[in-house]
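Novice: Please find one structure pasted underneath; my questions will follow.
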Amino acid sequence: MSLILLIPLLPLAVFVLIALAGRRHFPSLCGGLGTLALLVSFGLSAYVAYDYFFVAGKVNGAYQAIIPYKLQWLSFAPGLSIDLGLMLDPISVMMLVIVTLVSLMVHTYSLGYMKGEKRYATYYSFLALFTFSMLGLVLSANIFQMYVFWELVGVSSFLLIGFYFDKPSAVAAAKKAFIVTRFADLGFLIGILVLSWYSGSLDFPTLIHRLSTPGTELHNITAASFLGISALTWGLALVFIGGAGKSAMFPLHIWLPDAMEGPTPVSALIHAATMVVAGVFLVARLFPVYSVSDQAMGIVTWVGAFSSFFAAIIACTQTDIKRVLAYSTMSQIGYMMFSLGVSRYGGEHGLGYMASMFHLFTHAMFKALLFLGAGAVIHYVHSNEMGDMGGLRKHMPVTHITFLVACLAIAGIPPFAGFFSKEEILKAAYHASMPVYIMAVLTAAITAFYMFRLYFNIFWNKEFHGHGHDAHHGEAPASMKLPLLILGLCALFAGFVPFGNFVTSDGHPLAMEFDPLFSVTPVLLALAGILVARSLYYRQSQRPDRIAMSVKGLYQAAYHRFFIDEIYLFITKKVIFNLIGRPAAWIDRNIVDGAVNMAATVTGKISMAIKGAQSGKLQQYAAWFFAAMVGSVLVFIYLWK
Amino acid sequence: MEMSDIIFYIIAFVIIAGGVLAVTSRKIFRSAVFLLISLLGIASLYFFIDFEFIAAVQIVVYVGGIVVLLIFSIFLTHGSGADMPRPAPLRMVFSLLSVALGYALAMLFIREEVFVPSTLPAASLEVSSIGAQMLSTTEHGFVLPFELVSMLLLASMIGCIVIAIKIKLPPHPIVNDADEDAADHSLNQPLQTN
Amino acid sequence: MGHIGLLHFLTISCALFFIGVYGFLTRRNLITMLMSIELILNSVNLNFVAFNKFLFPHKLDGLFFTLFIITIAAAEAAVAIAIIINLYRNFRSIDVEDADNLKY
């Protein structure tokens, strides 16, 4: 059981070791050290998963939440305390495996990608810190502890996005990411307070139990209402705002494309596979409580569905390959969100939950693969723009094949991994809400289109004339190719995992049925999307530009990301700065500083006024002396009784 | 009005007049001399009361020591020639006022008291008995203040010498003829920094 | 002794005291200030002697006090003169208004 503690503590130990000693004394070994630690962590996670799912987890046929460790940390009142604890339940074990696997792949990949980097050791220390934070987040037994790790993850993300801190754009992107997520976390905190106030506890099992099963707490929280909406919905909606910020849902998505300023392995780890799914994880964790409130679920569904559609449209017009992948991430997370939203707790109703988690699992694999492949391409071409690439299939065969596998997976083509998870999502949406289903299917088609647009533009289209990364260097070192291959295999075979046996909303296994008739529509639409992309981008041609001209307004809007950034900038500059910032600054300068300055000025003036007493004139002193003497005589004779 | 009263009033007049002139005179020497006269007046007042020993000490120490010392210091500070400047009129007026006020106050307090002269027999005012009491260690002895005062006198003597001493510069060190011509003899030049 | 009582002596000593204070506050020359201080000390001596004579004739405490005051006054005058001479050497003036280096 103590092995579970080692899983997050090993990366923490690596972080401390590298930060304190490694940077100065053994910088070149830090990469290997980090990778080794992650290898051990992954092995332990796999063992824990095996143990939990196959040996020890089931009680009465359902997977239970196990809490191996718990210690009291802050005690506010006899019944209310913040404890630190580890909790194992199906989704946290699944996340353990995902996080450690992807982190291991990224560590290995970075051995080659970041070789020769001046701050190599610092990079690995940040990676270790991030891994520790993410593992802590998924293992948290207590919502406040999760909040602590939530913030830690945000900090690690900030450090890693702003890794190249001499680039102003990277610094700005790091700030943007941190500020937007921090702003969302305000909602998260208020939501935590609301939920824990009514349930009287901060521990997940207790909180969830009290707020989902009929009883006094549930009654109180649903009876209390504010502006016509029950306190439960408020709490859940606020918590969802926090999740939406971290998962880059509309309208808090603005930080994700800019976060691509960080090194590509970082993008693979944080902004594709692990941190951005934290919001989904949060909703999944509180799922029994969410399923009580239909309004909250409605919010989750529509935000998710809209985000996925919105992002898909924007991704069709972007030319920076990492931005395309960022928007694709946003779109896929939208899938996960609305899949949770249309689902309910228990048995058959929990199909969406299972589908969402399954998609999380497969998405982590192929998205990380896509990013790492993009990293290899960028490493080779020294540019992010699609216009500088083309015809790379001859130069980079391994990357080409694995990238193709990942694109097929994300497009939902059988038998790749994405097909199975997307099917379940579409099935859940179909049974719950037709508009959402239609939106989802359209988005799937558009996804296939833009992913293959990306694929063709990189590997086909035109011939590569650039200088390329030196001939003797070849495509990429083994340390970069190995993760690509491993993840490629995962993207191929992860779909065959009988996920419904392991992760479901209530712990009981849920059979996953394969319905060919149902799957025909999405697969055909995806193939259509691929064919359209092929016709436009397989060879260099004027057709894409002509199509763009014909829908000029829409194209321009999508290219400029629907001007959301500009709107935010306008709001912050004109509204917040002018209406709030300027008066606050004025108050600070004139009133607060003024009070302090006034104290100083008054002291100075008093001092100027009484300095005459120190005139150096002996007779003046004598005169005062004499006067005081006479005065004392008067006092002592007449007034002292 | 008896003779002794008249004599007392004359002496009192001398004392007061001497004091007033001492503090208002413009020439410093005259001020010193008026002080001398006032002190002599006080000594005669001591004689009047039959405290001959104190009167003698007053004349010897105050008149013969301190006033002479003052006159020496007037010489040493070259102030004896010109007239001293008048103090500012405002200051004079205010000082006068405050002093007058203080005097009136003090007299008020004194006049309220009823002093009953004692009828006890007078102690012996012989020099020998004064001396014996000064050096006695019994209850009314003053040997401790005596010793302390002697130490004080020693300390003040040393202090005066130290404060007022003039330190002469050390003589030139002996140098060779060759260096003698090149050496700089003046000791008041600043250090050469090249 | 006649009609001369303690009150007469006290009057003289009081007047002398305040004359000395006036001189101290008014005079600009350091040496004349010293003279005023001597006047003050003398007034105190007179006070002690008068009290001794009229109220406590069987004891000699006032006399001894006066003796010690005279001694100490001598010592103090000597030190004061030394300081004045030192001041004169450094500042070339014994005007008390010129010795204001300790001002703000």
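Novice: With the checklist (1) within 30 Å of A:Cys316 (Cα to Cα); (2) hydrophobic (A, V, I, L, M, F, W, C); (3) modelled with pLDDT of 90 or more in hand, flag the one item A:Phe563 doesn't pass.
Specialist: For A:Phe563, the exception is condition (3).
Novice: Further question: So, C:Ala15, is that one free of Cβ contacts under 8 Å to residues at least 60 places away in the same chain, hydrophobic (A, V, I, L, M, F, W, C) and under 30 Å from B:Leu90 (Cβ atoms) or not?
Specialist: yes
Novice: Within segment C:36-57, identify whether any single residue is in a loop (DSSP other than H, G, I, E, B) and among the hydrophobic types (A, V, I, L, M, F, W, C), and answer yes or no.
Specialist: Within segment C:36-57 (the criterion being in a loop (DSSP other than H, G, I, E, B) and among the hydrophobic types (A, V, I, L, M, F, W, C)), the answer is yes, since at least one residue qualifies.
Novice: Helices (runs of 4 or more DSSP H) wholly in segment A:215-286 with at least 2 residues that are modelled with pLDDT of 85 or more - which ones?
Specialist: Correct list: A:231-246, A:255-258, A:264-268, A:278-285.
Novice: Going residue by residue through segment A:504-515, is there one that turns out to be at pLDDT 80 or above, open to solvent by 10 Å² or more (accessible area, probe 1.4 Å) and outside any helix (DSSP H, G or I)?
Specialist: Taking every residue of segment A:504-515 in turn, none turns out to be at pLDDT 80 or above, open to solvent by 10 Å² or more (accessible area, probe 1.4 Å) and outside any helix (DSSP H, G or I).
Novice: Would you be able to tell me the number of residues in segment C:78-90 that are of a type in the set (Val, Ile, Thr) and either more than 7 Å from chain B (Cβ to nearest Cβ) or within 17 Å of C:Cys14 (Cβ to Cβ) (or both)? Give the derivation first.
Specialist: Here is the first cut: in segment C:78-90, the ones of a type in the set (Val, Ile, Thr) are C:79, C:81, C:83-85.
Cutting the leftovers down to either more than 7 Å from chain B (Cβ to nearest Cβ) or within 17 Å of C:Cys14 (Cβ to Cβ) (or both) gives us none.
Total satisfying the criteria: 0.
Novice: Now for a different question. With of a type in the set (A, V, I, L, M, F, W, C) and more than 7 Å from chain C (Cβ to nearest Cβ) as the only criterion, which of B:Leu76, B:Leu90, B:Leu70, B:Leu96 stands out?
Specialist: B:Leu90
Novice: Out of all the residues in segment A:323-349, which are assigned to a helix (DSSP H, G or I) and surrounded by fewer than 24 Cβ atoms within 10 Å (Cβ to Cβ)?
Specialist: A:Arg323, A:Gly347, A:Glu348, A:His349
Novice: Here's a follow-up. Read through the list (1) more than 7 Å from every other protein chain (Cβ to nearest Cβ); (2) within 26 Å of C:Asn90 (Cβ to Cβ), then give the number of the only condition that B:Ser44 fails.
Specialist: Evaluating B:Ser44 over (1) more than 7 Å from every other protein chain (Cβ to nearest Cβ); (2) within 26 Å of C:Asn90 (Cβ to Cβ) leaves (2) as the failure.
Novice: Of all the residues that make up segment A:36-64, how many are buried (at least 18 other Cβ atoms within 10 Å of the Cβ) and at pLDDT below 80?
Specialist: 2
Novice: Just checking, which of C:Ile40, C:Ile19 is within 13 Å of the chain's Cα centre (by Cα), farther than 23 Å from B:Ser128 by Cα and open to solvent by 30 Å² or more (accessible area, probe 1.4 Å)?
Specialist: Exactly one of C:Ile40, C:Ile19 is within 13 Å of the chain's Cα centre (by Cα), farther than 23 Å from B:Ser128 by Cα and open to solvent by 30 Å² or more (accessible area, probe 1.4 Å), namely C:Ile40.
Novice: Which residue out of A:Leu29, A:Leu33 is under 30 Å from A:Gly112 (Cβ atoms), buried (at least 17 other Cβ atoms within 10 Å of the Cβ) and not small (Gly, Ala, Ser)?
Specialist: A:Leu33
Novice: Return the residues of segment A:527-543 that are free of Cβ contacts under 8 Å to residues at least 60 places away in the same chain and surrounded by 15 or more Cβ atoms within 10 Å (Cβ to Cβ); say none if nothing qualifies.
Specialist: none
Novice: Looking only at residues that are among the hydrophobic types (A, V, I, L, M, F, W, C) and facing another protein chain (nearest Cβ under 10 Å) in segment B:22-33, which one is nearest to B:Tyr103 (Cα to Cα)?
Specialist: B:Val23
Novice: Checking the condition open to solvent by 60 Å² or more (accessible area, probe 1.4 Å), modelled with pLDDT of 85 or more, within 14 Å of chain C (Cβ to nearest Cβ) and assigned to a helix (DSSP H, G or I), which residue from A:Ala623, A:Ala609, A:Ala600, A:Ala613 passes?
Specialist: A:Ala609 is the lone residue from the list that is open to solvent by 60 Å² or more (accessible area, probe 1.4 Å), modelled with pLDDT of 85 or more, within 14 Å of chain C (Cβ to nearest Cβ) and assigned to a helix (DSSP H, G or I).
Novice: Go through segment A:130-170 and give me each residue that's open to solvent by 20 Å² or more (accessible area, probe 1.4 Å) and either in contact with a Ser or Thr (Cβ under 7 Å, 6 or more places away or on another chain) or polar (S, T, N, Q) (or both).
Specialist: Scanning segment A:130-170 gives A:Phe149, A:Leu152, A:Ser169.
Novice: Just for segment A:202-233: of the residues that are open to solvent by less than 50 Å² (accessible area, probe 1.4 Å) and within 20 Å of A:Phe281 (Cβ to Cβ), which one is nearest to the chain's Cα centre (by Cα)?
Specialist: Ranking the candidates gives A:Phe204 first.
Novice: I've got another one for you. Between a residue in segment B:112-139 that is open to solvent by less than 80 Å² (accessible area, probe 1.4 Å) and any residue that is part of a helix (DSSP H, G or I) and not β-branched (Val, Ile, Thr), which pairs come within a Cβ distance under 6 Å, given they are 6 or more apart or on different chains?
Specialist: Filtered contacts from segment B:112-139: B:Phe115/C:Leu6; B:Ser118/C:Leu55; B:Ile130/B:Phe53; B:Met134/B:Phe146.
Novice: Taking the residues in segment C:59-77 that are open to solvent by 30 Å² or more (accessible area, probe 1.4 Å) and within 7 Å of chain B (Cβ to nearest Cβ) as candidates, determine which candidate is modelled with the lowest pLDDT.
Specialist: Applying the filter and picking the extreme gives C:Lys59.
Novice: Residues to consider are C:Leu30, C:Leu25; find the one that is buried (at least 21 other Cβ atoms within 10 Å of the Cβ) and either more than 7 Å from chain B (Cβ to nearest Cβ) or in contact with a strand residue (DSSP E or B) (Cβ under 6 Å, 6 or more places away or on another chain) (or both).
Specialist: C:Leu30
Novice: Given the options A:Ile241, A:Ile229, A:Ile221, name the one that is closer than 25 Å to A:Thr274 by Cα and β-branched (Val, Ile, Thr).
Specialist: A:Ile241
Novice: Being under 23 Å from A:Ile91 (Cα atoms) and modelled with pLDDT under 90 is the filter here, so list the residues in segment A:309-345 that pass it.
Specialist: A:Ser343, A:Arg344, A:Tyr345
Novice: Of all the residues that make up segment C:35-58, how many are within 30 Å of B:Ile28 (Cβ to Cβ) and facing chain B (nearest Cβ under 7 Å)?
Specialist: Number satisfying all stated conditions: 7.
The values are calculated or read from the model by the stated rules, or taken from the named source; none is laboratory data. Model, not experiment: these values are computed from the prediction. Heads up, the Cβs are rebuilt from the backbone with ideal geometry, glycines too, and the neighbour counts pull from every protein chain shown. Heads up: the accessible areas ignore ligands, DNA and RNA and are worked out on the full protein's heavy atoms, side chains in. Shrake-Rupley method; radii C 1.70, N 1.55, O 1.52, S 1.80 Å.
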